[in-house]
Amino acid sequence: MKRLVLALSVAACSLSAPALAKDRVILADRYLDVATGRYVENPAIFVDDSGRITQIADARAIRLSSEVETIDLKGKTVLPGFIDMHVHLDSPADIGGYRGLEFTDSFFGMTAVGNARAMLDAGFTTVRNVGSGNRNDVGLKQAIVAGYVVGPRIVPAGHALGATGGHCDSTFLPPSLEKPEKEEGIGDNVEELRYQVRRQRKYGAEVIKVCATGGVFSRNTEPGQQQLTEAELKAIVDEAQMWGLRVAAHAHGAAGIKAAIKAGIDTIEHVSLVDDEGIKLAAARAKPVWFSMDIYNTEYTQAEGKKNGVLEDNLRKDREVAQLQRDNFRKAYKAGVRMVFGSDAGVMPHGDVGKQFATMVQFGMTPLDAIRAATINGAQALGQEGDVGQIATGRFADLVAVDGDPLANIRLLERPAAVIKGGRKIEPAR
């Protein structure tokens, strides 16, 4: 469907004026307006030196100056750059269980560089890193912004918050090898957890990650176990909001999910064992709450986990929640719960996260809503609607190009033909 976004005269668009000489233009066959679900034909997307879109015109109605740098994506369909709301950039997917002890502490921060690049090459121009060791996500964001590393825009969390012995604590070592003090991010009452919110923000966190329940890949925890009280979760939310931060809660179990929703958490991660009451609470809550459900990665963990060193007990938990999570994804979507794209990259290879789109469609989403989950919805959940998530004036020119129609074949999103970040084409590292 053809739609003229901004009508410009030939004279006005000659772009020969010195003030516009540094502008760039991106040309394509069409782009997807994720807000309306419609394609816009023959766009000319103009980008300034800040990397933001200044105007969108019909390429057939303009004459370009030779001084304008052109990125030619003719023959391609263009979408907004994708947003993954749940990644772990410093977690190599092929190192599981006790195999991590083979490497020095700084090793994992080094792997984050390649993992971030793999996600950018896969079309994910913005990622939210929900917990890292040694604040590797904060340092990597700084290196990308300063130009030392090529990667996506990162929303870092620093260390995740949780209870002693819970999913966000260190659970694989005997007490003789543990530090005498609590691990970074760990608190066992309201005041300790408020302090941890302040501490993570102080050192660069832009979102607070908290573990409300047990998990799949920790030791001595079960996914259904609630590990923080509703009062503790509420204190974390109140403290984070005072500092202008949003909160993401790892929550597999039904009781922990409901406590997190009632406490005002912004995004619920995994949501594997949600019950009907939890779905109703999420759909009806006045303050938006978003479900981030990583429903693809079990394909990788079950196929490769044992070889990678993942313990059988962890693989057992993964098997037990996998189909339940997928069935609950279908139920939550059908009930009208707001959904974002979250892959849990690090549990699976970072470059393969685009494969989740097809799984989301398999379990009930329309292709358009799967794309919206990774674009406009993610931007809203981050509070960054003015920056990312749409191809529109004022937003960053973060784009993904594919061959063909992704609304007809969602698997086209698994391997983009081109990726643009801030109006500049990213040459693939691979």
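The values are calculated or read from the model by the stated rules, or taken from the named source; none is laboratory data. All of these numbers come straight from a predicted model, not from anything done at the bench. Cβ placement follows ideal geometry from the backbone for every residue including glycine, while neighbour counts extend to all protein chains displayed. Accessible surface areas use protein heavy atoms only, side chains included; no ligands, DNA or RNA. Shrake-Rupley method; radii C 1.70, N 1.55, O 1.52, S 1.80 Å.
Taking every C-alpha pair closer than 8 Å and separated by at least 6 residues, the mean separation divided by the residue count of the range 247-401 gives a relative contact order of 19 percent.
Please report, in whole Å³, the volume per residue of the convex hull around the C-alpha atoms of the range 293-430.
125
What pairs from LYS76/LYS334; LYS202/LYS258; LYS258/LYS334 go past 26 Å between their alpha carbons?
On the way: LYS76/LYS334 32 Å; LYS202/LYS258 29 Å; LYS258/LYS334 19 Å.
Pairs exceeding 26 Å: LYS76/LYS334; LYS202/LYS258.
When the P(r) is computed for the range 86-216, the part past 25 Å accounts for 26% of the Cα-Cα pairs. Amide H contacts of ARG415: none lie under 5 Å away among residues 5 or more positions distant or on a separate chain (H built 1.01 Å from N in the peptide plane; Pro and chain starts excluded). Carbon and sulfur: what percent of the range 57-132's accessible surface (1.4 Å probe)? Its accessible area is 50 percent carbon and sulfur atoms.
Can you compute the equivalent ellipsoid semi-axes for the range 218-275, i.e. the square root of 5 times each eigenvalue of the Cα gyration tensor, sorted largest first and rounded to whole Å?
Numbers: eigenvalues 83, 24, 20 Å².
With the √(5λ) rule applied to the range 218-275, the semi-axes are 20, 11, 10 Å.
Using just the C-alpha positions of the range 14-106 as equal point scatterers, what log10 of I(q)/I(0) does the Debye formula give at each q in 0.15, 0.17, 0.24, 0.25 1/Å? Calculated log10 I(q)/I(0) at the listed q: -0.68, -0.78, -1.26, -1.32. Any idea how far the Cα center of the range 379-430 sits from the one of the range 268-333, in Å? Cα centroid of the range 379-430 versus Cα centroid of the range 268-333: 26 Å apart.
For the chain, what does the relative contact order come out to in percent, with C-alpha contacts under 8 Å and a separation of six or more? Walk me through the numbers on the way to the answer.
Numbers: 1015 pairs, mean separation 81.4, N = 430.
Reported relative contact order: 19 percent.
Helices assigned as whole DSSP H runs in the chain whose Cα atoms extend at least 20 Å along their own long axis and whose mean Kyte-Doolittle hydropathy is 0.0 or higher are found at 107-121.
If you take every DSSP beta bridge fully contained in the chain, what fraction is antiparallel? Give it as a percent rounded to 5.
Among the beta bridges of the chain, antiparallel pairing accounts for roughly 40 percent.
In the chain, the sites counted are chymotrypsin sites (Phe, Trp or Tyr not before Pro) in DSSP loop states with at most 15 other Cβ atoms within 10 Å, and the longest stretch holding none of them, exclusive of the sites, is 244-430.
Evaluating 6.51 cos²θ - 1.76 cosθ + 1.60 at θ = phi - 60° for every residue in the range 348-356, the Karplus couplings come out as 10, x, 5, x, 9, 5, x, 5, 5 Hz, glycine and proline recorded as x.
Largest first, the three principal axis extents of the alpha carbons in the range 66-135 are 56, 23, 21 Å in whole numbers.
Placing pseudo-labels 7 Å out from each Cα toward the beta carbon at GLN323 and GLN362 gives an inter-label distance of 1.3 nm. Which FRET efficiency value, to the nearest 0.05, is calculated for GLU191 and THR36 with the Förster distance at 60 angstrom and r the Cβ-Cβ distance? That gives a FRET efficiency of 0.80. Modelled spin labels at LYS334 and ARG316, positioned 7 Å past Cα toward Cβ, are 3.2 nm from each other.
Can you give the Rg to Rh ratio of the range 340-396, both from alpha-carbon atoms, with Rh computed by the Kirkwood formula? Rg/Rh for the range 340-396 comes to 1.02.
Note on ARG285 and THR104: their simple-model spin labels are 4.3 nm apart, each label 7 Å out from Cα toward Cβ.
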